[in-house]
Amino acid sequence: MQRNDEEKLNDSLLGEAVLAVLKSGGDVTIAGVVIQLKSMAASAKNDVIKRACERTLGEVNQTVTSTQATRSYNVRDTNNVLHHFTAEGQQDGKKNH
């Protein structure tokens, strides 16, 4: 698969942000990387880099949002019955009431 220059720049900026968080001695978290990308966008002297940082931020936020929507939880009730839930409700689509 061929990747264009825009995608390569986004990946490079994401890597830079992660490295900056690592060098700061902090834990590498989504929040830390987002803060670093925002800082990089604010201090960018080049409009191309600024827009690329903003695109990368958008991609990170989109990934986080889609990941949160697909999280599932297993809960046991008082009868020790296991129920499977996602962010949208039960996985099987059934309603209790």
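Below, the figures for the structure above:
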{"item": "Residue pairs meeting the criteria (Cβ under 9 Å; at least 6 apart or on separate chains; first under 14 Å from residue 41 (Cα atoms), in segment 1-27; second surrounded by fewer than 13 Cβ atoms within 10 Å (Cβ to Cβ))", "result": "9/48"}
{"item": "Of all residues making up segment 49-91, the number that are in a helix (DSSP H, G or I) and either surrounded by fewer than 10 Cβ atoms within 10 Å (Cβ to Cβ) or modelled with pLDDT under 75 (or both)", "result": "5"}
{"item": "Every residue from segment 9-37 that is exposed (fewer than 12 other Cβ atoms within 10 Å of the Cβ), charged (D, E, K, R) and under 18 Å from the mean Cα position of the chain (by Cα)", "result": "27"}
{"item": "Candidate set: segment 1-30, residues that are among the polar types (S, T, N, Q) and outside any loop (DSSP other than H, G, I, E, B); chosen: the one farthest from residue 61 (Cα to Cα)", "result": "12"}
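The values are calculated or read from the model by the stated rules, or taken from the named source; none is laboratory data. In this text, all values refer to a predicted model and were calculated from it rather than measured experimentally. Counting neighbours? That spans all protein chains shown, and the Cβs are built from the backbone with ideal geometry, glycine included.
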